[in-house]
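What follows is one structure encoded as structure tokens, with my remarks underneath.
The values are calculated or read from the model by the stated rules, or taken from the named source; none is laboratory data. These figures come from a predicted structure and were not determined experimentally. Cβ coordinates were reconstructed from backbone atoms using ideal geometry, including for glycine residues, and neighbour counts include every protein chain displayed. Surface areas here come from the heavy atoms of the whole protein model, side chains and all, with no ligands, DNA or RNA. Shrake-Rupley method; radii C 1.70, N 1.55, O 1.52, S 1.80 Å.
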Amino acid sequence: MISAKELKNPHVVRRDLLASLVVFLVALPMCVGVAVASGAPAELGLVTGIVGGLVVGFLPGSRLQVSGPTAGLTVLVYEAITEFGLGTLGPIVLAAGLLQVVLGLARFGRWFRAISVSVVQGMLGGIGLIIVLGQMYAMADAEQPGSNLATLAGLPGLAVEIVTNREAMTAFGLGAGTVAVLLVWPKLPAAVRLVPAPLVAVVLATSVASLAGLRPAVADVNGLLQAITPPGGAEFARLADVAVIGTVLAIALISSAESLFSAAVVDRMQDGPRTDYDKELVAQGVGNTLCGALGALPMAAVIVRSTTNVQAGATTALSRIAHGLWLLLLAALLPAVVGIIPLAALAGILVHAGCKLVPAKEFGPLWREHRGEAVLLAVTAIAIVVTSLFEGVVLGLLLAVVKSAWETSHVQLTTHELTGGRVVVTLTGNATFLRLPRILEQLERLPQDQPMELDLTGLRHLDHACRVALENWASRHNNAEIAPVTIRR
């Protein structure tokens with residue numbers, strides 16, 4: 001929210017408006033690129049960016065986060081459009097948004113912070129790998145195979161196509177040049193870096209294509225009103241499909257996790273008010289609900305745009321609101337500008353964004369310090385590439401729960417022989433079914449010809465499976481008429 005006092009301060013207004021222009025120049029190619037990579041009209045990416053600025057920008061939660069279409073949802077949206085059709089995307093996004101609103105009102109926002117960071121990084125890493133693999137084909141103006149594994153297997157053939165086909169080589173050169181600009185730009189002097197790298201890369205690629213007389217594939221742009229198609233009753237009826245419901249849950253989960261993960265990063269970068277996670281979740285839900293009603297792409301807080309906003313000097317929500325206004329003015333007054341950008345250049349931007357999603361630098365230190373977390377990250381990422389985004393995330397969450405349960409269910413078994421030959425067996429810690437095989441193995445190795453007392457008073461937790469197994473073990477000994485076993489609780 002923006003206070004009247006802040007709006008009356010010309011220094012704050014000027015600074016935030018300048019920051020909004022920087023964010024707008026970063027958001028423009030990303031909005032278009034994400035839409036095209038998702039298999040949707042380019043205008044729908046702009047609609048989502050506009051809603052993220054002009055609607056979510058006014059809502060409480062985080063003052064400096066910038067919302068819009070995100071590379072993290074590209075794979076899921078592409079799969080949804082391919083499987084269910086573009087018309088069904090609206091109801092899916094709307095339902096996901098309503099779910100986010102309910103979760104936020106129920107104060108579930110804070111619990112998203114409890115999701116394992118390794119699962120989130122693995123999720124983003126898997127998405128990044130899929131984006132990179134898929135956009136390699138788009139950089140060569142080639143058609144991407146259906147599945148992720150087919151995409152991976154087709155890379156050698158794509159390489160041959162690029163080398164032998166002049167048009168493919170030309171398009172790939174534009175895309176590769178775009179990636180090169182994005183890699184080199186952060187190393188240039190600060191004065192040069194005032195201009196956003198994505199804008200420079202797109203302008204250079206477009207200029208080279210125009211001056212050289214090249215004819216690479218470009219986005220088909222028809223204007224906002226033609227692209228907005230609110231869903232009807234037939235499309236909403238698809239929400240009864242189990243597969244569609246799974247997609248709704250996946251979009252709600254990933255959008256929420258990415259938004260709140262971004263909020264944590266933004267809060268560390270600035271000294272202003274902290275994010276209210278529940279209100280931010282409601283804000284993202286309202287934005288997605290509106291995007292769904294317009295038939296547009298889903299949104300999330302985008303970490304690249306959000307950090308750019310902070311680094312550009314923004315201190316209020318005015319900057320993210322104004323960036324949505326600039327997107328609206330461009331889409332309404334100059335839509336043809338978007339239609340001259342080579343798709344290969346947009347693919348190059350997404351390849352760069354996908355690479356940044358892969359936590360390659362973090363994996364080494366994580367492996368050395370917390371090997372279990374590193375395995376969790378890698379398994380989540382690989383599962384997403386091999387299966388699907390939803391299945392990979394679910395597997396990662398399940399593994400995180402199992403890992404946590406295993407690490408917290410520490411139990412120690414000690415024996416102490418009393419005068420007269422009686423053996424006291426003491427269990428301490430947390431006895432759960434996860435540790436049951438080890439407990440029984442240790443008990444079976446104890447001498448069978450001495451009376452024993454099983455002391456359970458030192459246990460902090462004893463689940464039902466362990467209780468029954470220990471009672472059965474004692475009963476077997478007593479029924480065999482060997483040395484008796486008693487249990488002290």
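Only a single criterion out of (1) open to solvent by 60 Å² or more (accessible area, probe 1.4 Å); (2) under 17 Å from Leu124 (Cβ atoms) is not satisfied by Val242, namely (2).
Would a scan of the stretch 47-55 turn up a residue that is assigned to a helix (DSSP H, G or I), closer than 17 Å to Ile349 by Cβ, touching a residue at least 24 places away in the same chain (Cβ under 8 Å) and not polar (S, T, N, Q)?
Our first condition is that a residue be assigned to a helix (DSSP H, G or I); within the stretch 47-55, this holds for 47-54.
After this cut, where a residue has to be closer than 17 Å to Ile349 by Cβ as well, the list is 48-49.
Next, only the ones that are touching a residue at least 24 places away in the same chain (Cβ under 8 Å) stay: 48-49.
Filter once more, keeping what is not polar (S, T, N, Q): 49.
Within the stretch 47-55 (the criterion being assigned to a helix (DSSP H, G or I), closer than 17 Å to Ile349 by Cβ, touching a residue at least 24 places away in the same chain (Cβ under 8 Å) and not polar (S, T, N, Q)), the answer is yes, since at least one residue qualifies.
For the stretch 93-120, the candidate set comprises residues that are out of contact with any Asp or Glu (no Cβ under 7 Å at 6 or more places or on another chain) and polar (S, T, N, Q); within that set, the residue that is least open to solvent (accessible area, probe 1.4 Å) is Gln100.
Quick check, is Leu436 open to solvent by 20 Å² or more (accessible area, probe 1.4 Å), touching a Cys at 6+ places or on another chain (Cβ under 6 Å) and not assigned by the TED database to the domain that holds Leu73?
Values: open to solvent by 20 Å² or more (accessible area, probe 1.4 Å): yes; touching a Cys at 6+ places or on another chain (Cβ under 6 Å): yes; not assigned by the TED database to the domain that holds Leu73: yes.
When the stated conditions are applied, Leu436 passes them.
Being surrounded by 12 or more Cβ atoms within 10 Å (Cβ to Cβ), at pLDDT 85 or above and not acidic (Asp, Glu) is a description that does not apply to Leu446. Residues of the stretch 180-192 that are assigned to a loop (DSSP other than H, G, I, E, B) and open to solvent by 60 Å² or more (accessible area, probe 1.4 Å): Pro189, Ala190, Ala191.
Within the option set Val195, Val200, Val221, being open to solvent by 20 Å² or more (accessible area, probe 1.4 Å), closer than 25 Å to Thr316 by Cα, of a type in the set (Val, Ile, Thr) and under 30 Å from the mean Cα position of the chain (by Cα) holds for one residue only, Val195. Do we have any residue at all in the stretch 46-63 that's within 16 Å of the chain's Cα centre (by Cα), open to solvent by less than 10 Å² (accessible area, probe 1.4 Å) and under 18 Å from Phe261 (Cα atoms)? Taking every residue of the stretch 46-63 in turn, none turns out to be within 16 Å of the chain's Cα centre (by Cα), open to solvent by less than 10 Å² (accessible area, probe 1.4 Å) and under 18 Å from Phe261 (Cα atoms).
Given Leu105, Leu129, Leu124, which one is within 26 Å of the chain's Cα centre (by Cα), modelled with pLDDT of 90 or more and within 30 Å of Leu249 (Cα to Cα)?
Numbers: Leu129 fails: modelled with pLDDT of 90 or more; Leu124 fails: modelled with pLDDT of 90 or more.
Every option except Leu105 fails the conditions.
Please identify the pairs in which a residue from the stretch 239-264 that is closer than 22 Å to Leu86 by Cβ has its Cβ atom under 8 Å from the Cβ atom of a residue that is open to solvent by 40 Å² or more (accessible area, probe 1.4 Å) and of a type outside the set (A, V, I, L, M), counting only partners at least 6 apart or on another chain. Once the first residue is closer than 22 Å to Leu86 by Cβ and sits in the stretch 239-264, its partners that are open to solvent by 40 Å² or more (accessible area, probe 1.4 Å) and of a type outside the set (A, V, I, L, M) give Ala243/Glu83; Val244/Arg238; Gly246/Phe390; Thr247/Glu79; Thr247/Phe390; Leu249/Phe390; Ala250/Phe390.
Of the set (1) within 23 Å of Val22 (Cβ to Cβ); (2) of a type in the set (A, V, I, L, M, F, W, C); (3) surrounded by 14 or more Cβ atoms within 10 Å (Cβ to Cβ), all apply to Ala168 but (1).
Val375 falls short on exactly one of the conditions (1) modelled with pLDDT of 85 or more; (2) of a type in the set (A, V, I, L, M, F, W, C); (3) not assigned by the TED database to the domain that holds Leu149, and that condition is (3).
Determine whether the stretch 65-81 contains at least one residue that is surrounded by fewer than 24 Cβ atoms within 10 Å (Cβ to Cβ), among the hydroxyl-bearing types (Ser, Thr, Tyr) and in a helix (DSSP H, G or I). Yes, the conditions are met somewhere in the stretch 65-81. So, Leu25, is that one within 29 Å of Asp141 (Cα to Cα), assigned by the TED database to the domain that holds Arg107 and surrounded by fewer than 24 Cβ atoms within 10 Å (Cβ to Cβ) or not? Criteria met by Leu25.
Out of all the residues in the stretch 193-208, which are among the β-branched types (Val, Ile, Thr) and outside any helix (DSSP H, G or I)?
As a first pass, look at the stretch 193-208 and keep what is among the β-branched types (Val, Ile, Thr): 195, 200, 202-203, 206, 208.
Val195 - this is the single residue of the stretch 193-208 that is among the β-branched types (Val, Ile, Thr) and outside any helix (DSSP H, G or I).
Residues that are of a type in the set (Val, Ile, Thr) and open to solvent by 60 Å² or more (accessible area, probe 1.4 Å) were ranked within the stretch 387-413; the one that is farthest from Arg438 (Cα to Cα) is Thr387.
Here is a yes/no grid of residues against (1) closer than 30 Å to Gln448 by Cβ; (2) in contact with a helix residue (DSSP H, G or I) (Cβ under 7 Å, 6 or more places away or on another chain); (3) outside the structural domain of Arg15 (by the TED database); (4) open to solvent by 70 Å² or more (accessible area, probe 1.4 Å):
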{"site": "Thr316", "(1), (2), (3), (4)": "no, yes, no, no"}
{"site": "Ser319", "(1), (2), (3), (4)": "no, yes, no, no"}
{"site": "Ala322", "(1), (2), (3), (4)": "no, yes, no, no"}
{"site": "Pro335", "(1), (2), (3), (4)": "no, no, no, no"}
{"site": "Pro342", "(1), (2), (3), (4)": "no, yes, no, no"}
{"site": "Leu346", "(1), (2), (3), (4)": "no, yes, no, no"}
{"site": "Ala360", "(1), (2), (3), (4)": "no, no, no, yes"}
{"site": "His370", "(1), (2), (3), (4)": "no, no, no, yes"}
{"site": "Glu417", "(1), (2), (3), (4)": "yes, no, yes, yes"}
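Take residues that are in contact (Cβ under 8 Å) with a residue 60 or more places away in the chain and among the small types (Gly, Ala, Ser) and tell me which of the helices (runs of 4 or more DSSP H) falling wholly in the stretch 317-376 contain 1 or more. Lay out the reasoning, then the answer.
Values: elements: 318-333, 335-338, 343-357, 360-369.
Passing ranges, in order: 318-333, 335-338, 343-357.
Every condition in (1) touching a residue at least 60 places away in the same chain (Cβ under 8 Å); (2) under 25 Å from Val32 (Cα atoms) holds for Gly122 except the one numbered (2).
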